Amino acid sequence: MVAATLNLTLGAVSRPFAYRKGTVDEAVVAQALKVGAYDVERLRRGGELVALYERMVASGRPPLIVDTAANIGAAAVFFTYKFPKATIIALEPDSAKFELLIANTAGLPVQCIQATVASEGAVDREAPRVAVGDIYDRSPDTQPFILKFDIEADDLFALNTEWLQRTPALIASLSDYLVPGTAASRRFIKYTTGWDRDLIYAEDNLFSLGRTPMRAAA
């Protein structure tokens, strides 16, 4: 399918953004760039997250934002505008979406990886499986800040979940309605509610915000 292009304006910056007209891409763009579904600053605790971001920047170890469900890059582009000094890693396993992700983030501080996130890393015929903890460990000069992901299976939380406590803000799209009967969100709810975190539902996303990491110096 031939991609269409819209002229995207974020603050004083304008840039082209490619998407596939008549597909779910339109909803993805609207959610991230029009509705502001991933704008943590609008939350009551948003000021704490912004202050934490600023402390991380001042420390010399920039905040790390990982978008494990990057799709065509709408959220990644939004994060570069909202947190311009953050390091952003965007994962997308689908080849067609990944091609648009590369195009839409060209020239931005976004590292694009054709992979899917899982509880353990592995080599797959379609795309590699990458563990969140491994992503963090491979970026020692940064500090975990935001992790965005979709839940379509509970494998992400099957094991190796120590990274959850290292992540101040999780943004989860809970998609049980897309895979009924699988209880896809079960392990996410289990592990996040067992720790000292706030759960906030907004714009079809569940925000899980840590408490101690917000108060601590970066």
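Read the figures in this text as sums done on the coordinates, not as results from a lab. Everything quoted here is computed from the prediction, not taken from an experiment. FYI the Cβ positions are ideal-geometry reconstructions off the backbone, even for glycines, and counts take in every protein chain you see.
Just a few scattered comments:
- Residues that are crowded, with 21+ Cβ neighbours inside 10 Å and farther than 24 Å from Gln165 by Cβ occur at least once in segment 82-94.
- Every residue from segment 92-116 that is under 28 Å from Arg42 (Cα atoms) and in contact with a helix residue (DSSP H, G or I) (Cβ under 8 Å, 6 or more places away or on another chain): Glu92, Leu101, Asn104, Thr105, Leu108, Pro109, Val110, Cys112
- Within segment 41-77, being over 14 Å from Thr167 (Cα atoms) and among the aliphatic types (A, V, I, L, M) holds for Leu43, Val50, Ala51, Val57, Ala58, Ala69, Ala70, Ile72, Ala74, Ala75, Ala76, Val77.
- Considered as a group, the residues in segment 1-41 that are within 18 Å of Tyr81 (Cβ to Cβ) and basic (Lys, Arg) include one that is surrounded by the fewest Cβ atoms within 10 Å (Cβ to Cβ), and that residue is Lys34.
- Of note, Thr23 satisfies the criterion of being under 27 Å from Asp94 (Cβ atoms) and part of a loop (DSSP other than H, G, I, E, B).
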